[in-house]
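Undergrad: I'd like to ask you about the structure that follows.
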Amino acid sequence: MAPVKVFGPAMSTNVARILVCLEEVGAEYEVVNIDMQAKEHKSPEHLARNPFGQIPAFQDGDIVLFESRAIAKYVLRKFSKSAGVDLLREGDLKEAAMVDVWTEVEAHTYNPALSPVVYECLIYPAMRGVPTNQKVVEESLEKLKKVLDVYEARLSKHDYLAGDFLSFADLNHFPYTHYFMGTPHASLFDAYPHVKAWWERLAARPSVKKISANMPLKF
Amino acid sequence: MAPVKVFGPAMSTNVARVLVCLEEVGAEYEVVDVDFDAGEHKRPEHLARNPFGQTPAFQDGQLMLFESRAISRHVLRKYKTEEVNLLREGNLQESALVDVWLDVEAHQYNPAISPIIYQHYLIPMRGGTPDQKLISKSMEKMKKLLDVYEARLSKFKYLAGDFVSLADLSHFPYTYYFMATPYVSAFDSYPSVKAWWESLMSRPAVQKVISQLPKQ
């Protein structure tokens, strides 16, 4: 079986989202860089993979996909059984629903609060040479604290977000949180001991360590 | 079996997303209002259903859920039949395409269309004036998206392929409200998108949910 292909820079958060799932299921894959500076993501060749001109895109034989969470789920569905992992729990109505709930929370609540801090502190200064907008950072940190209050309550009841089992919902939090830990605000998590412990469990996973190695905190 | 419960205002777009799925599968349900003006969404009883104090929330027996797309997935998974299979989870390729276009709705379409809905409907309700600059900016984004949708829907009857799915239905609530704004004529330049929208509107489940929406 040919390795699957993930198109996009290895250090990109949304590429990493897929790669960590590929590692968890032990699938063979290839990362094909897309040169964002050279606008390769807007080339006809890439638009054929992702008509919105974004990264990542993905190819498995004839199947071409985009949107990182959709790609990651495809990978987990295809390779989980042979790998002996079950990160989606689609065989159990209740567990699958909880995985879906907390996957949505990451996308619609956690990420919008946390990612502006990553963009303002790390990405924009490095990529655009602009200074950090402290107002955006402060507003985001206030929102993030409220979100982490809920996460703290949840993770003091269960080891992981969907329940007492690791799932796709937890792994979705890895890429942006990894970069958040490289900002001056990482210590925010110290006020949330269960969240911190959960993060440390995730960060200690071999799959997460391996992918993190390609995501330097100094840009 | 007791009817499932959907907690939230009946006119809410995200509540409607769940209701259209319940109608598609023919499940019995009850809508329980949550009074935002009275701060009900921030009180302990509702926070126990949705710890972020948002709507919808959902109850199916002992199972409590929130996030409308997660609730919708649960409903479609639980009540799936041969005829009504809107997630395609048994098929690797089809389920992936449903997920792709559901994520497009959530991460691209919705962020472009919802500011228009918010400015046009909600701001005046609070005594304010819609921000035309923001609406124009959102319309520009919408048009770029609709270019891609037009290309897709000129090849396939529905977004995930030649079968209707949650990806299509998820577009219903916000698009429905959009169609009652002055900006509706934007869709005239996209004949395949318009045809797709009309076929969604003609679905009995969609008509049923529309008939239950409070008059604006």
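The values are calculated or read from the model by the stated rules, or taken from the named source; none is laboratory data. It should be emphasised that the depicted structure is a prediction, and the values quoted were computed from it without experimental measurement. Positions of Cβ are generated from backbone atoms using ideal geometry, with glycine treated the same way; all protein chains shown enter the neighbour counts. Areas reflect the complete protein model, heavy atoms only, side chains present, ligands, DNA and RNA absent. Shrake-Rupley method; radii C 1.70, N 1.55, O 1.52, S 1.80 Å.
Undergrad: Which residue, A:Ala197, B:Tyr158, B:Pro115, has the largest displacement toward the positive end of the dipole of the protein assembly as shown when charges sit on each Cβ (Lys, Arg +1; Asp, Glu -1)?
TA: Going by the charge dipole, the pick is B:Pro115.
Undergrad: Over its Cα atoms, what ratio of radius of gyration to 2.2 N^0.38 Å does the protein assembly as shown give? Please report the intermediate quantities before stating the final value.
TA: Details: Rg = 21.3 Å, N = 435, 2.2 N^0.38 = 22.1 Å.
That works out to 0.96 for the protein assembly as shown.
Undergrad: Provide, for q = 0.19 Å⁻¹, the log10 of I(q)/I(0) from a solvent-free Debye sum over equal Cα point scatterers in region B:81-216.
TA: At q = 0.19 Å⁻¹ the computed log10 ratios are -1.17.
Undergrad: Just want to confirm a number: the relative contact order over region A:36-94, from Cα pairs under 8 angstrom separated by 6+ residues, in percent. Working shown, then result.
TA: Values: 41 pairs, mean separation 10.2, N = 59.
Computed value for region A:36-94: 17 percent relative contact order.
Undergrad: So, one more: Ignoring ligands, DNA and RNA, what percent of the 1.4 Å accessible area of chain B is carbon and sulfur?
TA: Values: 5050 of 9690 Å².
Answer for chain B: carbon and sulfur cover 52 percent of the accessible area.
Undergrad: Tell me: how much accessible area in total is hidden between A and B, 1.4 Å probe, Å², nearest 100? List each step's numbers first, then the result.
TA: Working: alone 10890 and 11090 Å², together 19200 Å².
Buried area between the two chains comes out at roughly 2800 Å².
Undergrad: Please sort through the DSSP H helices of chain A and keep those with an alpha-carbon extent of at least 20 Å along the long axis and a Kyte-Doolittle average not below -0.5.
TA: Details: long enough: A:68-83 (22 Å, -0.23); A:134-155 (30 Å, -0.43).
Within chain A the helices that satisfy the rule are A:68-83, A:134-155.
Undergrad: Next question, about the same structure. Quick one: grab Rg to one decimal and Dmax as a whole number for region B:7-67, Cα atoms only, in Å.
TA: 11.3, 33
Undergrad: Looking only at B:Ser154, B:Ser12, B:Ser185, which one moves most when chain B is put into a Gaussian network model with springs between Cα atoms under 10 Å?
TA: It is B:Ser185.
Undergrad: Now for a different question. Tally up the carbon and sulfur contribution to the accessible surface of region A:61-216 as a whole percent, 1.4 Å probe, everything protein left in place. Each step should come with its number before you reach the end.
TA: Details: 3390 of 6520 Å².
Taking all protein chains in place, region A:61-216 shows 52 percent carbon and sulfur surface.
Undergrad: Right, next: Starting from 0 in steps of 5 Å, tell me what percent of the Cα-Cα pairs of region A:73-219 lands in each bin.
TA: Binned Cα distances yield the sequence 2, 9, 17, 21, 20, 15, 9, 5, 2, 0.
Undergrad: Which distance in nm do the two modelled labels at A:Asn214 and A:Ile63 give, with both placed 7 Å along the Cα-to-Cβ direction?
TA: 2.0
Undergrad: Relative contact order of chain B, please, whole-number percent, based on alpha carbon pairs below 8 angstrom and at least 6 residues apart.
TA: Details: 266 pairs, mean separation 47.8, N = 216.
Across chain B, relative contact order equals 22 percent.
Undergrad: A drop of at least 50 square angstrom in accessible area, chain alone versus all protein chains together, probe 1.4 Å. Which residues of region B:80-104 meet that?
TA: Those residues are B:Leu92, B:Asp99, B:Val100, B:Asp103.
Undergrad: With every protein chain left in place, what is the accessible area per residue of region A:9-153 in square angstrom, probe 1.4 Å?
TA: Working: 6300 Å² over 145 residues.
Heavy-atom SASA per residue in region A:9-153 reads 43 Å².
Undergrad: Something else about it: Of the candidates B:Met139, B:Met201, B:Met125, which one comes out as most mobile in a Gaussian network treatment of chain B with C-alpha springs shorter than 10 Å?
TA: Ranking B:Met139, B:Met201, B:Met125 by mean-square fluctuation puts B:Met125 first.
Undergrad: Dipole magnitude of region B:105-176 about its Cα centre, charges +1 at Lys/Arg Cβ and -1 at Asp/Glu Cβ only, in debye to the nearest 20? Display every interim value, and only then the final one.
TA: Details: 9 positive and 7 negative charges, 39 e Å.
Its charge dipole is roughly 180 debye.
Undergrad: Something else about it: Using the heavy atoms of the protein chains alone and a 1.4 angstrom probe, what is the accessible area of region A:168-214 per residue in square angstrom? Please report the intermediate quantities before stating the final value.
TA: Numbers: 1820 Å² over 47 residues.
Roughly 39 Å² per residue, with all protein chains present.
Undergrad: Next up: Please compute the contact order of region B:54-167 in relative form: average sequence separation of alpha-carbon pairs under 8 Å and at least six residues apart, divided by the residue count, as a percent. Please report the intermediate quantities before stating the final value.
TA: Working: 87 pairs, mean separation 29.7, N = 114.
Relative contact order comes out at 26 percent.
Undergrad: In deg cm²/dmol and to the nearest 500, what is the mean residue ellipticity at 222 nm of the protein assembly as shown if only DSSP H runs of at least 4 residues count, each as -39500 (n - 2.57), divided by the residue total? Mind dumping the intermediate values first?
TA: Numbers: 21 runs with 212 residues, N = 435.
Per the formula, -14500 deg cm²/dmol.
Undergrad: Using a Gaussian network model on chain A with a 10 Å cutoff between Cα atoms, which of A:Ala97, A:Ala162, A:Ala203 fluctuates the most?
TA: Comparing A:Ala97, A:Ala162, A:Ala203 in the GNM, the peak value goes to A:Ala97.
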